[in-house]
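S.K.: Here it is: the structure, laid out below.
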Amino acid sequence: MLNLPRTIEWINGKVRLINQLELPHKLEYIETDDWLRLVETIRKMEIRGAPAIGVAAAFSMALAAQRIKARALNEALNELAKCAEVIKATRPTAVNLAWAVDRVLTAARTATSLDELKEKTLEAALKVQQMDEEANRKIGELGEKLIDDGDTVMTVCNAGSLATSYYGTATAPIYLAHERGKRVSVIALETRPYLQGARLTAWELSRAGINVKVITDNAIGIVLQKHHIDLIITGADRITRKGYVANKVGTYPLALLAKEHSVPFYVAAPTSTFDLSIETGEEIPIEERPSDEVVYIFGRRITPEGVEAIYYAFDVTPPKLISGIITEKGIIYPPYEKSIRHLFSV
Ligand code: MRU
């Protein structure tokens with residue numbers, strides 16, 4: 001077990017989650033039994049990271065089901081389906097969110113009474129969380145074989161334990177390598193504007209006893225020239241059936257530079273992050289967030305009045321730049337159209 005607290009938990013009819021906006025200064029929890037408050041935590045980025053928002057979304061469904069007003073089963077299901085739409089609209093890029101909501105809704109539809117509807121939604125939500133933790137552990141076990149004793153791994157954003165149920169995706173191989181006695185160092189991109197790399201990745205890795213340094217996002221070129229980086233591992237928010245990967249903005253330029261410097265570029269993601277309904281990168285909905293999140297830093301405006309930001313929260317890395325994708329079912333390699341098809345057929 002890692003020396004890390006749980007990102008999100010269901011405790012006696014309530015959901016408790018770490019308020020990630022307060023890290024690294026304060027380990028503060030938000031506790032609620034109100035599904036709309038939980039939805040708000042996703043929207044406000046109090047919880048973030050594709051698998052973690054999937055779990056939060058599943059728990060939102062379970063909380064909504066507990067409070068359902070309808071007295072007839074079909075009305076209750078209609079009410080729950082409306083809640084599902086509200087939850088799905090919070091953040092569009094991470095497919096885990098819609099995947100988790102649909103799983104819970106499908107489970108609810110098998111209920112034969114209102115009591116059973118409450119039980120089944122909660123059961124399905126807890127299962128989403130359990131599956132995520134198991135998948136990440138497996139990603140770690142498979143991925144740690146890519147890491148040698150003494151290696152330096154680079155990562156972007158936070159695809160760590162905080163972004164998932166536990167272990168993280170990109171960090172799972174690092175944690176497992178560390179657990180198995182390998183010395184691993186990490187370089188984390190700070191990740192403007194939310195600073196998930198500087199605040200969150202650095203927090204959880206250092207807490208787990210792993211040597212971590214932070215660089216500014218625009219330092220990747222010089223750092224790849226001056227430091228020996230053995231491996232890059234990033235997370236993913238959505239992977240198409242041809243292997244286009246949406247992840248935190250800045251991932252694509254990192255992959256381009258990795259290619260130029262012959263550094264292996266891996267993506268780590270559970271199979272719940274794959275969206276087999278689409279092929280290309282252009283089909284992935286890219287979240288655009290408010291300009292103010294970029295033009296204000298800690299409450300102070302950094303651009304002249306009237307100058308706004310272009311702010312895409314994610315970018316798409318084409319499959320030709322990706323050395324391999326680490327999933328819980330195995331590490332897959334190019335050509336991705338074929339290896340992804342095979343991954344989902346076994
Ligand atoms: O905007 P965020 O912080 O939710 O973005 C998170 C990322 O891009 C992660 O790399 C991705 O969700 C994978 S998390 C295991």
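The values are calculated or read from the model by the stated rules, or taken from the named source; none is laboratory data. Since the structure is predicted, the reported quantities are computational estimates derived from the model, not experimental observations. Cβ coordinates were reconstructed from backbone atoms using ideal geometry, including for glycine residues, and neighbour counts include every protein chain displayed.
S.K.: May I ask you to verify whether residue 122 is within 13 Å of the ligand (Cβ to nearest atom), part of a helix (DSSP H, G or I) and either in the same structural domain as residue 17 (by TED's automatic domain parsing) or farther than 22 Å from residue 228 by Cα (or both)?
M.R.: Values: within 13 Å of the ligand (Cβ to nearest atom): no; part of a helix (DSSP H, G or I): yes; either in the same structural domain as residue 17 (by TED's automatic domain parsing) or farther than 22 Å from residue 228 by Cα (or both): yes.
For residue 122, the condition - within 13 Å of the ligand (Cβ to nearest atom), part of a helix (DSSP H, G or I) and either in the same structural domain as residue 17 (by TED's automatic domain parsing) or farther than 22 Å from residue 228 by Cα (or both) - is not met.
S.K.: Only one of these is charged (D, E, K, R), out of contact with any Pro (no Cβ under 8 Å at 6 or more places or on another chain) and either in contact (Cβ under 8 Å) with a residue 24 or more places away in the chain or closer than 23 Å to residue 137 by Cα (or both): 22, 28, 46. Name it.
M.R.: Values: 22 fails: either in contact (Cβ under 8 Å) with a residue 24 or more places away in the chain or closer than 23 Å to residue 137 by Cα (or both); 28 fails: either in contact (Cβ under 8 Å) with a residue 24 or more places away in the chain or closer than 23 Å to residue 137 by Cα (or both).
46 is the lone residue from the list that is charged (D, E, K, R), out of contact with any Pro (no Cβ under 8 Å at 6 or more places or on another chain) and either in contact (Cβ under 8 Å) with a residue 24 or more places away in the chain or closer than 23 Å to residue 137 by Cα (or both).
S.K.: Quick check on my filter: what residues within region 146-168 are at positive phi, within 8 Å of the ligand (Cβ to nearest atom) and not small (Gly, Ala, Ser)?
M.R.: Correct list: 157 only.
S.K.: Being over 17 Å from the mean Cα position of the chain (by Cα) and either aromatic (Phe, Trp, Tyr) or not in a helix (DSSP H, G or I) (or both) is the filter here, so list the residues in region 39-89 that pass it.
M.R.: 67, 68, 69, 70, 71, 72
Conditions tested, residue by residue: (1) surrounded by fewer than 20 Cβ atoms within 10 Å (Cβ to Cβ); (2) under 30 Å from residue 244 (Cβ atoms); (3) touching a strand residue (DSSP E or B) at 6+ places or on another chain (Cβ under 6 Å).
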site: 5; (1), (2), (3): yes, no, no
site: 14; (1), (2), (3): yes, no, yes
site: 22; (1), (2), (3): yes, no, no
site: 27; (1), (2), (3): yes, no, no
site: 34; (1), (2), (3): yes, no, no
site: 57; (1), (2), (3): no, yes, no
site: 65; (1), (2), (3): no, no, no
site: 74; (1), (2), (3): yes, no, no
site: 77; (1), (2), (3): yes, no, no
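S.K.: Then there is this: Quick test for you: out of 112, 152, 90, pick the one residue that is hydroxyl-bearing (Ser, Thr, Tyr) and touching a helix residue (DSSP H, G or I) at 6+ places or on another chain (Cβ under 6 Å). Lay out the reasoning, then the answer.
M.R.: Details: 112 fails: touching a helix residue (DSSP H, G or I) at 6+ places or on another chain (Cβ under 6 Å); 152 fails: touching a helix residue (DSSP H, G or I) at 6+ places or on another chain (Cβ under 6 Å).
Residue meeting the stated conditions: 90.
S.K.: Right, another one. If you check 84, 108, which single one turns out to be more than 16 Å from the ligand (Cβ to nearest atom), buried (at least 22 other Cβ atoms within 10 Å of the Cβ), of a type outside the set (D, E, K, R) and more than 30 Å from residue 257 (Cβ to Cβ)?
M.R.: Exactly one of 84, 108 is more than 16 Å from the ligand (Cβ to nearest atom), buried (at least 22 other Cβ atoms within 10 Å of the Cβ), of a type outside the set (D, E, K, R) and more than 30 Å from residue 257 (Cβ to Cβ), namely 108.
S.K.: Moving on. Looking at (1) within 30 Å of residue 72 (Cα to Cα); (2) buried (at least 24 other Cβ atoms within 10 Å of the Cβ), find the lone condition where residue 126 falls short.
M.R.: It fails just one condition, (2).
S.K.: When residues of region 91-126 are filtered for being closer than 20 Å to residue 237 by Cα and of a type in the set (D, E, K, R), how many remain?
M.R.: Of all residues in region 91-126, those closer than 20 Å to residue 237 by Cα come to 91-104, 125.
Pick out the ones that are also of a type in the set (D, E, K, R) and you get 91, 102-103.
Summing the residues that are closer than 20 Å to residue 237 by Cα and of a type in the set (D, E, K, R) in region 91-126 gives 3.
S.K.: Please specify each residue of region 180-197 satisfying the condition of being more than 11 Å from the ligand (Cβ to nearest atom) and either touching a helix residue (DSSP H, G or I) at 6+ places or on another chain (Cβ under 8 Å) or aliphatic (A, V, I, L, M) (or both).
M.R.: 180, 182, 184, 186, 187, 188, 190, 192
S.K.: In region 154-178, which residues are of a type in the set (A, V, I, L, M) and closer than 22 Å to residue 193 by Cα?
M.R.: Initial filter on region 154-178 (of a type in the set (A, V, I, L, M)): 154, 156, 159, 162-163, 170, 172, 174, 176-177.
Passing the criteria: 154, 156, 159, 162, 163, 170.
S.K.: Scanning for something out of contact with any strand residue (DSSP E or B) (no Cβ under 8 Å at 6 or more places or on another chain) and either under 21 Å from residue 285 (Cα atoms) or surrounded by 13 or more Cβ atoms within 10 Å (Cβ to Cβ) (or both), does region 302-309 turn up at least one residue?
M.R.: yes
S.K.: If residue 7 meets every condition in (1) within 15 Å of the chain's Cα centre (by Cα); (2) under 21 Å from residue 288 (Cβ atoms) apart from one, which number is that one?
M.R.: (2)
S.K.: Taking region 220-248 only, how many residues are surrounded by fewer than 21 Cβ atoms within 10 Å (Cβ to Cβ) and under 18 Å from residue 158 (Cβ atoms)?
M.R.: Quick first cut of region 220-248, residues surrounded by fewer than 21 Cβ atoms within 10 Å (Cβ to Cβ) only: 221-230, 241-242.
So of that shortlist, the ones also under 18 Å from residue 158 (Cβ atoms) come out as none.
Residues meeting the conditions: 0.
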